[in-house]
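Structure first, commentary second.
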């Protein structure tokens, strides 16, 4: 496995920083997986995406993971984020991935986590397969609970304090922009196999969010509920890694 730092510019000329994880076995072209992180986190996704990239590279997939603008090593002001801003970032990221010589453009998959699923569905990307984990179909409802915020003001600036003490501010465009998207309608426009993964003990995103997506998604589709796992798939991440690798082997072989 070899990891290389990569970067691109988004529509606002902000630098987006990512990591390319390549298998140790040299090939001319690789089936490729793009990992899309959730709200207020980074391309590491609390270590989950680091391990996922390693597991996928060991299975001979090329893997990319990027920080959205305003997060991690990427430039930008995260208080200005929205589904549309991240959708625009993801458009540029996917274009970059498809432009790489080592990437087999006919065999690209996306795995998205949490709010990253809303962004991915909003994009309706043209890829071979998609995995949605802890998926959010109604971000207005899931994210818009006042109890989740230290300061909650849809017309002004909202404030959230993460468990690690980091403070995140979000301005009003975040909420207003959500009204531009009917994600249940958009998922019905995606024409590739989709796997839904959700933890049975997810207390951040109700299982009903995934079930509504599943009902509206096209065939072929599958859903796996990991018993005893929370929103971040703890303590059963190893089980999730195996499920993910097997799905991509099946769909991108």
Scanning region 107-141 residue by residue, those more than 21 Å from residue 204 (Cβ to Cβ) and either out of contact with any helix residue (DSSP H, G or I) (no Cβ under 9 Å at 6 or more places or on another chain) or in a helix (DSSP H, G or I) (or both) turn out to be 123
Exactly one of 76, 46 is within 16 Å of residue 7 (Cα to Cα), in contact (Cβ under 8 Å) with a residue 60 or more places away in the chain and either surrounded by fewer than 24 Cβ atoms within 10 Å (Cβ to Cβ) or touching a strand residue (DSSP E or B) at 6+ places or on another chain (Cβ under 8 Å) (or both), and that residue is 76
Test residue 197 against the criterion of being within 17 Å of the chain's Cα centre (by Cα) and surrounded by 17 or more Cβ atoms within 10 Å (Cβ to Cβ), and give yes or no. yes
Restricted to region 147-165 and to residues being within 29 Å of residue 228 (Cβ to Cβ) and without any contact (Cβ under 8 Å) to a residue 60 or more places away in the chain, the residue surrounded by the most Cβ atoms within 10 Å (Cβ to Cβ) is 149
Note on region 161-179: residues under 20 Å from the mean Cα position of the chain (by Cα) and over 24 Å from residue 211 (Cβ atoms) are 162, 168, 170, 174, 175, 177
Open item on the list: Taking the conditions exactly as written (assigned to a helix (DSSP H, G or I), more than 22 Å from residue 50 (Cβ to Cβ), in contact with a strand residue (DSSP E or B) (Cβ under 8 Å, 6 or more places away or on another chain) and in contact (Cβ under 8 Å) with a residue 60 or more places away in the chain), does residue 240 satisfy them or not?
Closed with: no
When you check residue 131 against the structure, is it in contact with a strand residue (DSSP E or B) (Cβ under 9 Å, 6 or more places away or on another chain), buried (at least 22 other Cβ atoms within 10 Å of the Cβ), within 27 Å of residue 33 (Cβ to Cβ) and modelled with pLDDT of 95 or more, yes or no? yes
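The values are calculated or read from the model by the stated rules, or taken from the named source; none is laboratory data. A quick note: this is a predicted structure, and the numbers were derived from the prediction, not measured. We place every Cβ from the backbone using ideal geometry, glycine too, and count neighbours over all the protein chains shown.
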